[in-house]
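Here's the structure we're looking at; comments come further down.
Read-outs: derived from the displayed coordinates by stated rules, not from any lab. All values derive from a computational prediction rather than experimental measurement. Virtual Cβ from ideal backbone geometry, glycine too; neighbours counted across all protein chains shown.
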Amino acid sequence: MGLAAAEAHQFHVLAVDDSIIDRKLIERLLKTSSYQVTAVDSGSKALEFLGLHEQDDQSAADIPSLSPDNHHQEVEVNLIITDYCMPGMTGYDLLRKIKEPNVLKDIPVVIMSSENEPSRINRCLEEGAEEFFLKPVQLSDVNKLRPHMLKGRSGMDMEDQPNFNKKGHGTNTIS
């Protein structure tokens, strides 16, 4: 896949945070970096968007049962970035649900938190998180996401991507 083909597809990030301020901040940073963003305020809404839902969650009764054919959205999700500490389903719970054996397990997940707790960070990384960002998330953090998306989408390492722009600058966007 050449550079033009790789960048013709705009990366889509699912951002999950119960704080509207933090959600708007991460959404703005991602859009500044030319990502398409879908923002939701809970882990259960993220799972619903992805076509999964928690069976033993009380709110699951309100979510229509989705067939396996509905797991693929109109727009492919290339990465999920989620807050760790949220009411109900935490970001850690969401990570574990995504990484269960299912069609979504290869989507890269990044956790963010305002609390710098090494045991929490290590636990998330051991469960399959690609990165753990401390809030407030900065543009320099967002710049670390592209390699994870390329790897997740193609199943290849960055070095295997011909003509990959190592600095991660996206030049093409889809309107």
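Points to keep in mind about this one:
- Between Gln10 and Glu76, the contour length at 0.36 nm per residue exceeds the alpha carbon distance by 22.8 nm.
- Net lengthening on full extension, Asn116/Gln138 (0.36 nm per residue, minus Cα-Cα): 6.4 nm
- Local charge for Asp22 was computed over the other residues whose Cβ lies under 9 Å away, with Lys and Arg +1 and Asp and Glu -1, and equals 0.
- Computed from phi, the 3J(HN,Hα) profile of the range 116-125 under the Karplus parametrisation 6.51, -1.76, 1.60 (θ = phi - 60°) reads 8, 10, x, 5, 5, 4, 4, 4, 5, 5 Hz, with x in place of Gly and Pro.
- Full extension of the chain between Lys24 and Cys85 gives 20.3 nm of extra length, using 0.36 nm per residue less the Cα-Cα distance.
- Spin-label model, Glu126 to Val103: label points 7 Å out along the Cα-to-beta-carbon direction sit 3.2 nm apart.
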